[in-house]
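A quick write-up on the structure given underneath.
Every number in this text was worked out from the coordinates using simple rules, so none of it is lab data. Predicted model, so just to flag it, every value in this text is computed and none were measured. Cβ sites come from the backbone with ideal geometry, for glycine too, and all protein chains shown count toward neighbours.
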Amino acid sequence: MRARLLIVDDEPALCDMLADSFRLGGYEVETALDGKTALRLTETSKFDLIISDINMPYMDGLEFIERLRATGDETPAIMLSARGTRPDINAALRIGADDYVAKPFGLEELALRVAAVLRRSMRQQLQSELLQCGPVTLDEERHEVLVDSQVVDLSPTEFSLLRALMLRQGKMVSKQALLSQVWNIGFQADSNVVSTYISYLRKKLHTPNWQGIKTVRGLGFQIDAKGD
């Protein structure tokens, strides 16, 4: 499966050039010309890595990544900027960027950095195949869910929905984000399917001592280890 990149830069020519280059390199690529547009794309699509300029209109790259991290989204990010000063580099790393490349840069250097960040990300994903939240354990490798060490039978859709919640436990996940990640519905939709499957998960996973799947009224859902 090809890695999906999101390239964000307010220079259309540079944005298109990077997109064409990475597509030729075998990646799937989407682009945005500002942080606001990029943030909307991350709400409805899943990316393996983000390449973002810092200086952009409407919402700069630092604010974009900071707001993305505030939602619990840990998609790896490489920042681009003509201002290669130490304070800028520190600011980018402080808000959760994984690497920083100063403009002008060579395409080969950027491609090598992208490959390196993706390798680190894949290793981390393999190391975190076991997800834990309260009494619930999700084993991705075995495709198995346990509650208080007892196996619970979930459908593939229920498993995917639980995984999406557990990957961001303690954080609110919007209904639209769940529709995109679990049902591959990438447009604005008013559907009750998420609420229906949330009710299925509650019936199968909740215990007298733990009711951790919460509704955030009007926004979405979250799973909490405390469960009270």
Nearest 10 degrees is fine. How inclined is helix 35-44 to the longest principal axis of the chain, computing both from alpha carbons? 30 degrees
Using only Cα atoms, tell me the angle between helix 193-205 and the longest principal axis of the chain; keep it within 0 to 90° and round to the nearest 10. 50 degrees
Relative to a virtual label point 7 Å from the Cα of His143 in the Cα→beta-carbon direction, which members of the range 29-72 show backbone nitrogen distances below 15 Å? none
Reachable lysines, given that their alpha-carbon falls under 29 Å from the alpha-carbon of Lys103 and they are not under 8 places away in the same chain: Lys36, Lys46
What is the helix-to-structure angle for 12-24, meaning the angle in degrees between its Cα long axis and the longest Cα principal axis of the chain, kept from 0 to 90 and rounded to the nearest 10? 60 degrees
Within-12-Å neighbourhood charge of Arg202 [Cβ basis; K, R +1; D, E -1]: +2
Rounded to the nearest 500, the 222 nm mean residue ellipticity computed for the chain from DSSP H runs (n ≥ 4, each -39500 (n - 2.57)) alone is -13000 deg cm²/dmol
Roughly how far apart, in whole Å, are the Cα centres of the range 8-26 and the range 50-121? 15 Å
Compute and list, largest first, the equivalent-ellipsoid semi-axes of the range 130-223 from the alpha carbon gyration tensor, each √(5λ) rounded to a whole angstrom. 21, 14, 11
Within a 10 angstrom radius of the beta carbon, how do Phe47, Phe105 rank from fewest other beta carbons to most? Phe105, Phe47
Cα-based equivalent ellipsoid, the chain: semi-axes from gyration tensor eigenvalues, Å: 35, 18, 16
Scaled radius of gyration (Cα, divided by 2.2 N^0.38 Å) that the range 4-126 gives: 0.95
Counting Lys +1, Arg +1, Asp -1, Glu -1, what net charge surrounds Thr71 among other residues with beta carbon under 15 Å of its beta carbon? +3
7 Å from Cα along Cα→Cβ at both Arg168 and Thr37: what's the point-to-point distance in nm? 2.3 nm
